[in-house]
Amino acid sequence: MALPPQLIAEFDELVTHYPERRAALIMALHRCQDELGGWLAPETLEDLAAYFHLEPVEVYGVASFYPMFQLRPVGKHVVSVCHNISCELRGAREVLAKVCQVTGAPVHGTSPDGKFSVHTVECQGACANAPMLDLDGHYHEDLDAAKVERILGGVS
């Protein structure tokens, strides 16, 4: 197993808080992504499967279902733009276009400098304040092009 010893120790403690070992999988996926380069490599998913006594396809199924998990290398900052109905009706396409212009990243790609990755995602639960984007886990709502430029222009 190639998981770092400190993560294994963390997971050993984490699983004690759940009635079933596998219930800690999502938390473990988050920790691996945070600690191992911002994405979940196939080897990491296989190691987690071994740790949780699951089949690799089960771990992949969880990781691929949730938009917060990255299965390919990403930029230093991840921008996820909601494109569900509420956001679409309130300007998500314009927001996405501005995000791509400011970051230099194509949709579902990474900027040439490696600074930004841009994705579209399904509903993020912020429909009352659409359109919205998630920048590195932080929601930004009620957006327009000027707000997008202000938000992303200040990212280092």
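The values are calculated or read from the model by the stated rules, or taken from the named source; none is laboratory data. Treat the numbers as computed from the prediction; the structure is a model and nothing was measured. Because the Cβ atoms are built from the backbone with ideal geometry, glycine has one as well, and the counts that use them run over all protein chains shown.
Descriptive notes on the structure:
- Residues in the stretch 36-52 that are touching a helix residue (DSSP H, G or I) at 6+ places or on another chain (Cβ under 7 Å) and not hydroxyl-bearing (Ser, Thr, Tyr): 36, 39, 40, 45, 46, 48, 49, 52.
- The condition (being of a type outside the set (D, E, K, R), in the same structural domain as residue 145 (by TED's automatic domain parsing) and touching a Lys or Arg at 6+ places or on another chain (Cβ under 9 Å)) is satisfied by just one residue among 15, 95, 99, 107: 95.
- Of all residues in the stretch 86-111, exactly one satisfies the criterion of being within 19 Å of the chain's Cα centre (by Cα), assigned to a helix (DSSP H, G or I) and surrounded by fewer than 20 Cβ atoms within 10 Å (Cβ to Cβ), namely 100.
- Residue within the stretch 129-140 that is assigned to a loop (DSSP other than H, G, I, E, B) and free of Cβ contacts under 8 Å to residues at least 24 places away in the same chain present: no
- Scanning the stretch 19-35 for residues that are in contact with a helix residue (DSSP H, G or I) (Cβ under 8 Å, 6 or more places away or on another chain) and in contact (Cβ under 8 Å) with a residue 24 or more places away in the chain yields 21, 22, 24, 25, 26, 28, 29, 31, 32, 35.
- Every residue from the stretch 85-117 that is touching a strand residue (DSSP E or B) at 6+ places or on another chain (Cβ under 9 Å), in contact (Cβ under 8 Å) with a residue 40 or more places away in the chain and more than 18 Å from residue 146 (Cα to Cα): 115, 116, 117
- Conditions (1) farther than 26 Å from residue 115 by Cα; (2) loosely packed, with under 14 Cβ neighbours inside 10 Å; (3) of a type outside the set (A, V, I, L, M): number failed by residue 56: (2)
- Going through (1) assigned to a loop (DSSP other than H, G, I, E, B); (2) farther than 24 Å from residue 154 by Cβ one by one, residue 49 falls short only on (1).
- Single condition residue 118 does not satisfy, out of (1) aliphatic (A, V, I, L, M); (2) in a helix (DSSP H, G or I); (3) surrounded by 15 or more Cβ atoms within 10 Å (Cβ to Cβ): (2)
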